[in-house]
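The values are calculated or read from the model by the stated rules, or taken from the named source; none is laboratory data. Computed from a prediction, not measured in an experiment: that's the story for all the values here. No Cβ is skipped: glycine too gets one built from the backbone with ideal geometry, and neighbour counts run over all protein chains shown. Heads up: the accessible areas ignore ligands, DNA and RNA and are worked out on the full protein's heavy atoms, side chains in. Shrake-Rupley method; radii C 1.70, N 1.55, O 1.52, S 1.80 Å.
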Amino acid sequence: MRAALCWLATVLLLGGCTFFRSATVPMPIAHYPAPAANANGLLVLLPGIGDDPEDYATNGFVEMVQRANPRFDVICADAHFGYYRSQSVAQRLHDDVIAPVAERYEHIWIGGISLGGLGSIAFLRDHKDLIDGAILLAPYMGEQEVIEEVRRAGGLRSWQPRALPVDASASVQLSHWLWTYYHAVAEHPETMPELFLGYGEDDRFRISNGMVAETLPDRHKATLPGGHKWTVWKPLFAKLVPRALGSLR
């Protein structure tokens, strides 16, 4: 499926929101250099809808990353809804944020919350060879129709991607594309970037997130009581980031 169709579908799904900032070129970033002088890793974080890139620093995420691994730079990209609406989020992340600095690093990771999780998977789909892994918190998982299809099949490993009818809605096509990526992670983890996933036990995406989580190793997933909010995401990130980045040298 062409990337443009994926982003059109996102607009249709989320078009009722009011976050209509324009997508500028280049994509703005907030850069937090590693405390160690010999930085060799980069984590790029994408915000949820309505959040600002600085919210990651305010909520202690940058500190958690650099405590787990002092050799990691952190870039919080201002990948707001305007980039999804203009169908350009993956391209701008590539051209403006990651590709220009990729040769500096031995390890490059991406991550995001909710809508930022969708953006992370979009980038991985098009540029997975640039990325070593992803840390996702309560990522958006698409249309309920497709989620139910996966559930009825017995889960992600049992479900098989299929050709969609030509009149399938854009939102269903986007959802099918998302689950096809997660199916590839479940079927062939050795060929895909590592995936770490956390979500609240009362999160509105908990059922769909859970179907992905059940295919992951125990150390790659975490849940905590609570819903779709920072007070849940912060301790989840604190659990996952040392597992993902702490041993990288």
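Every condition in (1) open to solvent by 30 Å² or more (accessible area, probe 1.4 Å); (2) of a type in the set (A, V, I, L, M, F, W, C); (3) part of a helix (DSSP H, G or I) holds for Val232 except the one numbered (1).
Residue-wise test of (1) of a type in the set (S, T, N, Q); (2) out of contact with any His (no Cβ under 8 Å at 6 or more places or on another chain); (3) assigned to a strand (DSSP E or B).
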| residue | (1), (2), (3) |
| --- | --- |
| Gln173 | yes, yes, no |
| Leu178 | no, yes, no |
| Tyr181 | no, yes, no |
| Ala186 | no, yes, no |
| Leu197 | no, no, yes |
| Ser208 | yes, yes, no |
| Leu216 | no, yes, no |
| Thr223 | yes, yes, yes |
| Gly227 | no, yes, no |
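Within the range 120-174, the set of residues being at positive phi, more than 15 Å from the chain's Cα centre (by Cα) and open to solvent by less than 10 Å² (accessible area, probe 1.4 Å) comprises Gly155 only.
Within the range 10-34, if we keep just the residues that are hydroxyl-bearing (Ser, Thr, Tyr) and modelled with pLDDT of 50 or more, the residue that is most open to solvent (accessible area, probe 1.4 Å) turns out to be Ser22.
For the range 184-209, a residue qualifies if it is open to solvent by 20 Å² or more (accessible area, probe 1.4 Å), free of Cβ contacts under 8 Å to residues at least 60 places away in the same chain and not charged (D, E, K, R), and the qualifying residues are Ala184, His188, Pro189, Thr191. Reported count of residues in the range 67-85, each being part of a helix (DSSP H, G or I) and over 15 Å from Pro53 (Cα atoms), is 4. If only residues of the range 66-88 that are over 16 Å from the mean Cα position of the chain (by Cα) and at pLDDT 95 or above are counted, the one that is surrounded by the most Cβ atoms within 10 Å (Cβ to Cβ) is Phe72. It is to be established whether one or more residues within the range 175-197 are over 15 Å from the mean Cα position of the chain (by Cα) and modelled with pLDDT under 95. Yes, the range 175-197 has at least one match.
Sort through Val25, Val44 and tell me the only one that's of a type in the set (Val, Ile, Thr) and in contact with a strand residue (DSSP E or B) (Cβ under 9 Å, 6 or more places away or on another chain). Write out each step before concluding.
Numbers: Val25 fails: in contact with a strand residue (DSSP E or B) (Cβ under 9 Å, 6 or more places away or on another chain).
Just one listed residue meets the conditions, Val44.
The single condition among (1) within 15 Å of the chain's Cα centre (by Cα); (2) outside any helix (DSSP H, G or I); (3) modelled with pLDDT of 95 or more that Ile49 does not satisfy is (3). Being at positive phi and hydroxyl-bearing (Ser, Thr, Tyr) holds for only one residue in Ser88, Ser114, and it is Ser114.
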